[in-house]
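*Asks:* The structure that follows is given in the form of structure tokens.
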Amino acid sequence: MTIWAVGDGADGSEASKALARRITSSRPDRFLYLGDVYQDGTPDEFRTNYQSVYGALAPVTSPTPGNHEWPAQRSGYTPYWSAKKGRPQPSWYSFRTAGWQVVSLNSETAHGARSSQVRWLRRAVSGSGDCRIAFWHRPRYSAGTSHGDNADVEPFWRALQGRASIVLNGHEHNLQRFRERRGIQEFVSGAGGHKPHGLRPDARVAFGNDDDRGALRLRLRPGVAEFAFVADDGRVLDSGRVPCRR
């Protein structure tokens, strides 16, 4: 099972289209779009920006909203994905594949410890093991010079600690792999093609790249995920594996 994940690239630019062609040519089993359809997530931007870049992957896409499109989600994000999927698009959801549970969360709506979303999350990950991947837009930890850490999404991490092995985010327009924290490997995959953001030195970061457009590729099988950050020209920038307890 091959999954690709990236955000911050649906702007209709040639840079974003080059990376999308790389992802599409690999015929992924699933594509996780980590949010942001520029600039305001309007219906027209979904039709022109997003559709021209990642529209071909719609049948295998699992989205999460970014900060740019969520304010207009009633006219843009929700109807676009509901039409593509042929069913109402939930704000958060989960599915299972290749021995893993994959959980899509929404960092742009209520996510406090007592919110309905976090209560749902605790129930969703209450089973044994930690073979789970969670993804949402704004990262808890980031060495990016534009945004940095987002402490408000801490309730997600508290619910996932000991229950998930991998967290995926966008928002910062670069690539980051953090050293394992609280049993979780965090990846920031926001180098989708829109206005790169810089990185500052950070001892928490095992790998960082603010030069290349690229995306995260995960190859899943029961008990392990093999990861690689892949540039739009096919170069593997960073790779490794994340085991999990089944």
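*Asks:* If you take every DSSP beta bridge whose two residues both sit in region 2-243, what share of them, in percent to the nearest 5, is antiparallel?
*Replies:* If we restrict to bridges inside region 2-243, about 65 percent are antiparallel.
*Asks:* If you don't mind, another one. Once label points are set 7 Å from the Cα along Cα→Cβ at both residue 97 and residue 202, what is their separation, rounded to one decimal in nm?
*Replies:* 2.6 nm
*Asks:* Run lengths n ≥ 4 of DSSP H only: what is the helix-derived mean residue ellipticity at 222 nm for the chain, with -39500 (n - 2.57) per run over all residues, to the nearest 500?
*Replies:* Computed mean residue ellipticity for the chain: -4500 deg cm²/dmol.
*Asks:* Further, regarding this structure: Treat each spin label as a single point 7 Å out from the Cα along the C-beta direction, and report the residue 122 to residue 233 distance in nm.
*Replies:* For the pair residue 122/residue 233, the computed spacing is 5.0 nm.
*Asks:* Would you give the gap between the C-alpha center of region 105-172 and the C-alpha center of region 45-67, rounded to a whole Å?
*Replies:* Between the Cα centres of region 105-172 and region 45-67 lies a distance of 22 Å.
*Asks:* Right, next: Report, ordered by chain and residue number, the lysines lying within cross-link reach of residue 17, taken as a straight Cα distance under 19 Å and ignoring same-chain residues fewer than 8 apart.
*Replies:* Within the straight-line cut-off, residue 17 pairs with 195.
*Asks:* Still on this structure: Pairs of alpha-carbon atoms within less than 8 angstrom and 6+ residues apart define the contacts here; what relative contact order does region 2-243 have, in percent?
*Replies:* Averaging sequence separation for qualifying contacts and normalising by length gives 20 percent for region 2-243.
*Asks:* Would region 151-246 count as rounded, prolate or oblate if I go by the C-alpha gyration tensor, calling it rounded below 1.5 in a/c and otherwise prolate when a/b exceeds b/c, oblate otherwise?
*Replies:* Details: a/c = 2.03, a/b = 1.29, b/c = 1.57.
It is oblate, given that a/c is not under 1.5 and a/b is not larger than b/c.
Quick note: the coordinates plus some simple rules give every number you see, no bench work behind them. Just so you know, these numbers come straight off a predicted model, no measurement behind them. Note that each Cβ is placed from the backbone with ideal geometry, even for glycine, and that neighbours are counted across all protein chains shown.
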